[in-house]
Amino acid sequence: MRVVCLAGGVGGAKLADGLAQIVAPGELSVVVNTGDDFERHSLAIWPDHDTVLYTLAGLADPVQGWGIAGETWNVMDTLSSLGEETWFRLGDRDLATHLYRTDRLRRGARPTEVAFELGVALAVPTAVLPMTDAPVRTKVETDDGWLDFQDYFVRLRQSPDVRGVAYEGVDAAAATPEVEAAIAAAEAIVVAPSNPVVSIGPILAVPGVLDAIQAARARGVPAVGVSGIVGGKALRGPADRMLASLGEESSAVGVARRYAAAGLLDGIAIDVQDERLAGEVARLGLEVLTTDTVMTDRGSRATLAAGLLDFASSLPARRRVAT
């Protein structure tokens, strides 16, 4: 089965790893959020891409979920001693990735080309695809004004309430040929349990991406997602608080409502803790899978991925019966 997964950050990386364990090599493509990307110490930093890539390569720090296991911090410590701000810490081995990427981009390579090169270098058979080759930067509005995403997320540790979100540059962006081709060839589309506002939201805002997914759905390709909100709380990050401060429901229903309104999904998986919400989710027009969505190890990642693909495979038959 050829599968496309939309992902951002640690939750997306975990599900991508689960899918990679059960999908044949070369049959999985992961479209990653690039709205978090930024420049730091004159280097091009791609947080979500690198989290997914390192996880698929078996290099990710198992505790943090991001960065490289066994990392050292000599460069950051030295920069700090020189008076530089080091609130966004880059490990010594991780810096090699950023140095390589920055050099290739400055020499004119497309981001997608660089992503492929990094995947080959780390022996990752999965295509990790930037959502666009154009610069898109997520901004969040707080009571004190607009912030770059990493200032909000890392420097301020997600403490301000988010009143609005914008994807700067997205109107001038476009889905890459590689993203469009992956979606066109997909036999299932999976939306990871990533933040629906600032991880999946930027991907869907790129012109061409949502249209391609909706065209695939119209052909009978099932699209399923996973709620990253369990028991009203985000497993990681600020998604629950962000949905609430934006005036949306901080629950699996809130996630489902956002995706249903976008015309993104045929079905969604919610955690067993939220079984009581299944009826409300179903009334949004989505099929519901109630299962254990909390991925605690590689085995549970693969189990969830297999359950999602089984769920997805059942959906076209249900639609044919219904019509």
Checklist outcome for this item: Taking a probe of 1.4 Å and leaving out DNA, RNA and ligands, the chain shows per residue an accessible area in Å² of 42 Å²
Next on the checklist: Tell me the carbon and sulfur percent of the accessible area for the chain, rounded to whole percent, probe radius 1.4 Å.
Outcome noted: 51 percent
Checklist entry - Quick one, which of [x] 66, 43, 39; [y] 58, 39, 36; [z] 62, 47, 40 is the actual Cα extents along the principal axes in Å calculated for this model? => result [x]
Next on the checklist: Can you tell me the convex hull volume per residue for segment 44-191, based on C-alpha atoms, in Å³ to the nearest whole number?
Outcome noted: 156 Å³
Checklist outcome for this item: Here, ARG2 and GLU85, labelled 7 Å along Cα→Cβ, have an inter-label distance in nm of 4.5 nm
Next on the checklist: Please report the net charge: other residues with Cβ closer than 11 Å to the Cβ of GLU178, K and R +1, D and E -1.
Outcome noted: -2
Checklist entry - Rounded if a/c is under 1.5, else prolate if a/b beats b/c, else oblate: with a ≥ b ≥ c from the C-alpha gyration tensor eigenvalues square-rooted, which is segment 13-119? => result oblate
Checklist entry - ARG155 to ALA262: extension gain in nm, 0.36 nm per residue of separation minus the Cα-Cα distance? => result 35.4 nm
Checklist outcome for this item: segment 1-62, Kirkwood Rh and Cα Rg, ratio Rg/Rh at 1.01
Next on the checklist: Can you give me the convex hull volume of the Cα atoms of segment 151-257, divided per residue and expressed in Å³?
Outcome noted: 114 Å³
Checklist entry - What length, rounded to one decimal in nm, is gained on full extension from ALA181 through to ASP148, with 0.36 nm per residue of separation minus their alpha-carbon distance? => result 8.8 nm
Checklist entry - Going by the alpha-carbon gyration tensor, a ≥ b ≥ c the square roots of its eigenvalues, is segment 168-219 rounded (a/c under 1.5) or, if a/c is not under 1.5, prolate (a/b greater than b/c) versus oblate? => result oblate
Next on the checklist: Sequence gap at least 6, Cα distance under 8 Å: using those rules, report the relative contact order of the chain to the nearest whole percent.
Outcome noted: 19 percent
Checklist entry - Nearest 20 debye, what's the magnitude of the dipole of segment 97-186 about its Cα centre given +1 on Lys and Arg Cβ and -1 on Asp and Glu Cβ? => result 340 debye
Item to check | Cβ charges +1 (Lys, Arg) and -1 (Asp, Glu), total dipole of segment 1-61, debye | outcome: 180 debye
Checklist outcome for this item: Rounded to the nearest Å, the spacing of the alpha-carbon centers of segment 77-131 and segment 157-203 is 20 Å
Item to check | Translational diffusion coefficient (Stokes-Einstein; Kirkwood radius from C-alpha pairs) of segment 195-280 at 20 °C, 1.002 mPa s, in µm²/s | outcome: 160 µm²/s
Item to check | 222 nm mean residue ellipticity, helices alone, for the chain (DSSP H n ≥ 4; -39,500 (n - 2.57); rounded to 500) | outcome: -12000 deg cm²/dmol
Checklist entry - Treating the beta-carbon of each Lys and Arg as +1 and of each Asp and Glu as -1, no other charges, what is the dipole magnitude of the chain about its Cα centre, to the nearest 20 debye? => result 740 debye
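The values are calculated or read from the model by the stated rules, or taken from the named source; none is laboratory data. Predicted model only: the values in this text are computed from it and were never measured. We place every Cβ from the backbone using ideal geometry, glycine too, and count neighbours over all the protein chains shown. Heavy atoms of the whole protein, side chains included, go into the accessibility calculation; ligands, DNA and RNA do not. Shrake-Rupley method; radii C 1.70, N 1.55, O 1.52, S 1.80 Å.
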